[in-house]
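J.: Dumping the structure here so I can ask a few things about it.
The values are calculated or read from the model by the stated rules, or taken from the named source; none is laboratory data. None of the values given here were measured: they were computed from a predicted structure. Here the Cβ positions follow ideal geometry from the backbone for every residue, glycine too, while neighbour counts run over all protein chains shown. Protein only, heavy atoms only, side chains kept; ligands, DNA and RNA dropped before computing areas. Shrake-Rupley method; radii C 1.70, N 1.55, O 1.52, S 1.80 Å.
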Amino acid sequence: MALPRTLSVIGAGQMGVGIALVASLRAQIPKVLLYDRDPAQITKGLAFMDKLLQKDVSKGKISEEQAKAAKERIISVSHSSATGESGWARELGERGTDMVVEAASERLSIKENIFQALTQNLSKDAVLASNTSSISITKLAGAAVDGLGASVSRASEEGKACAGRVVGVHFFNPVPVMKLCEVIPGLQTSDATLERARAFAVACGKEVTTSKDVPGFVSNALLMPFLNEAIMCLESGTATRDDIDKTLRLGMGHPMGPLQLADFIGLDTCLAIQETLYDGTRDSKYRPSVLLGRMVDAGWLGKKSGKGFYDY
Ligand code: CAA
């Protein structure tokens, strides 16, 4: 199965940067374009990649040459180098993108806008993948078709072909370390797209599982209620933060306690996923804890903001 020659990663947050790195270093994709609306985010992401590559060199895992080559394959596309509202998407198209992995914030409207811009500007063969951790792939495929204009219906041949190119590739944080990629076909995803997504994930060094397109897929339908229960334990005073985390680390062998893990993922991301689960199933077992919502209101987003259940 052919791997992409030019991959575009949209969003230079912790997930996007990790995906760009494994695509370049492990899968050796010849050109990896990294785009973010915020140029500062790209600068930060590239600096973090340098640090990871240098660590691998100093540990003897890769040579200086491999690190240099991996870095050279990654090209940043900043918002300022692209003109107009969807100039960034035009630039990704002009540079020959044949696969996209969207890793923007976990908000439906943000992702829908991105998918619409992508279908307007990319080749009609490009695979359009999302690293979403909970949002419906079928919904994103619908947005991609809408990008073709009002004259193309979702059920038309052109609409079906476009939706057939949309797929979920859900990586885990930290991407270079976690060995899994969950692949999610939407209702319209074609077999060829699914195979291209799987081949890409395997080339990035990942084991692949497949999940149906249900809210949260397999991974977050299991993980998020667990994290939420831990937050509710804290909220109800069942135990202290440290004892909740210690229980799971020392009693069950988890590498991180659930409150530390929630901080690590990002409390805003946890809340967004839990809201998708709750809204998408209307099942009360998925309702986000009040404390989680309040912490996000306060701007305490976990490790990335310097404060969450822990201080960083
Ligand atoms: N990026 C890249 N590499 C990282 C990293 C990061 N942010 N953080 C740690 N690492 C690497 C380290 O460099 C080190 O690599 P080497 O072995 O090559 O030196 C390795 O990971 C181990 O790191 P440490 O020794 O510093 O620390 P640790 O042993 O405590 O491990 C951890 C850190 C790997 C993060 C571990 O605590 C862990 O596995 N935690 C659980 C993570 C997890 O559950 N992730 C999934 C979250 S859910 C998700 O992502 C999906 C979603 O939809 C919400």
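J.: To the nearest 10 degrees, how steep is helix 39-58 against the longest Cα principal axis of the chain, on a 0 to 90 scale?
T.: Orientation of helix 39-58: about 80 degrees from the principal axis.
J.: Defining a contact as two alpha carbons under 8 Å apart and six or more residues distant in sequence, what relative contact order in percent does the chain show?
T.: 14 percent
J.: Let me ask something additional. At a probe size of 1.4 Å, how large is the accessible area of Asp213, to the nearest 10 Å²?
T.: The value for Asp213 is about 40 Å².
J.: Using a 1.4 angstrom probe and counting only protein chains, how large is the accessible area of Tyr35 in Å², to 10?
T.: Roughly 10 Å² of Tyr35 is accessible to a 1.4 Å probe.
J.: Given Trp300, Ser78, Leu7, which one lies farthest toward the positive end of the charge dipole of the chain, if we put +1 on the Cβ of every Lys and Arg and -1 on the Cβ of every Asp and Glu?
T.: Toward the positive end, the furthest listed residue is Leu7.
J.: Taking the alpha carbon gyration tensor of the stretch 196-312, what are the square roots of 5 times its eigenvalues, largest first, to the nearest whole Å?
T.: Equivalent ellipsoid semi-axes, largest first: 25, 18, 15 Å.
J.: Right, next: What accessible area per residue, rounded to a whole number of Å², is obtained for the chain using a probe radius of 1.4 Å?
T.: Result: 47 Å² per residue.
J.: So which of Lys68/Lys179; Lys59/Lys179; Lys179/Lys212; Lys51/Lys179; Lys212/Lys285; Lys206/Lys285 end up more than 22 Å apart, counting from Cα to Cα?
T.: In this structure, Lys68/Lys179; Lys206/Lys285 exceed 22 Å between Cα atoms.
J.: Once you have the alpha carbon radius of gyration of the chain, what is it after dividing by 2.2 N^0.38 Å, with N set to its residue count?
T.: Taking the Cα Rg and dividing by 2.2 N^0.38 Å, one obtains 1.00.
J.: Right, here's the next one. Taking the Cβ of Thr247 as the center, what net charge do the other residues with Cβ under 15 Å away carry, scoring Lys and Arg +1 and Asp and Glu -1?
T.: Once positives and negatives cancel, what remains is -1.
J.: Another one. With every protein chain left in place, what is the accessible area of Glu112 in Å² (1.4 Å probe, nearest 10)?
T.: Here the accessible area works out near 50 Å².
J.: Go through the stretch 244-312 and name the trypsin sites (Lys or Arg not before Pro) that are in a DSSP coil and have 14 or fewer other Cβ atoms within 10 Å of their Cβ.
T.: Counting only loop positions with at most 14 other Cβ atoms within 10 Å, the trypsin sites (Lys or Arg not before Pro) in the stretch 244-312 are Arg282.
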